[in-house]
Amino acid sequence: MSRPNWDQYFLKLAMLASERATCPRMHCGCVLVKDKNVIATGYNGSIPGDEHCEEVGCLVIDNHCVRTVHAEMNALIQAAKRGHAVEGATVYVTNMPCTTCAKALITAGVRRVVIFSDFHDTLATQFFSKAQVKIDKIEVPPKEILYDLKSYSSARV
């Protein structure tokens, strides 16, 4: 059983976070990492206390669902609420951030973005380039969780 490298590991965590998303138009997950430590996670979903798209449908304006807060924004907000500095962090996102999220990540001081899929209608790449934020696109990590039950059981005996 081979260990995932750090990028694969954190992207797998972003994939797991995306499973909590409540907008059927796109399930997106985000993990903010600094010094190989997770400082915040996020997924796209409604504001606290509001109805979810999966329950009442999407609220689409100009081809975007405005009911949901994007995964990147939720991760940034979570970091801020808990007092975690984002300056110099790497963000792992299942999809290329939208233009607005890219601007927020740049302004927060994120220095690297790791993704495995593109977003079809965004200026994010241009903004990241101007801000000298590195973008690394890697292959989708395996969805399976590599878990050796045998070694776990023997370690507990």
Answer yes if at least one residue in segment 58-65 is farther than 21 Å from Leu123 by Cα, at pLDDT below 95 and hydrophobic (A, V, I, L, M, F, W, C), and no otherwise.
yes
Expected single match for surrounded by fewer than 16 Cβ atoms within 10 Å (Cβ to Cβ) and among the basic types (Lys, Arg) among Lys103, Lys81 is Lys81
Of all helices (runs of 4 or more DSSP H) fully inside segment 44-138, the set with 3 or more residues that are under 19 Å from Met15 (Cα atoms) and in contact with a strand residue (DSSP E or B) (Cβ under 7 Å, 6 or more places away or on another chain) is 71-81
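The values are calculated or read from the model by the stated rules, or taken from the named source; none is laboratory data. Every value quoted in this text rests on a predicted model; they were computed, and no experiment measured them. Here Cβ is always computed from backbone atoms with ideal geometry, including for glycine, and neighbour counts include all displayed protein chains.
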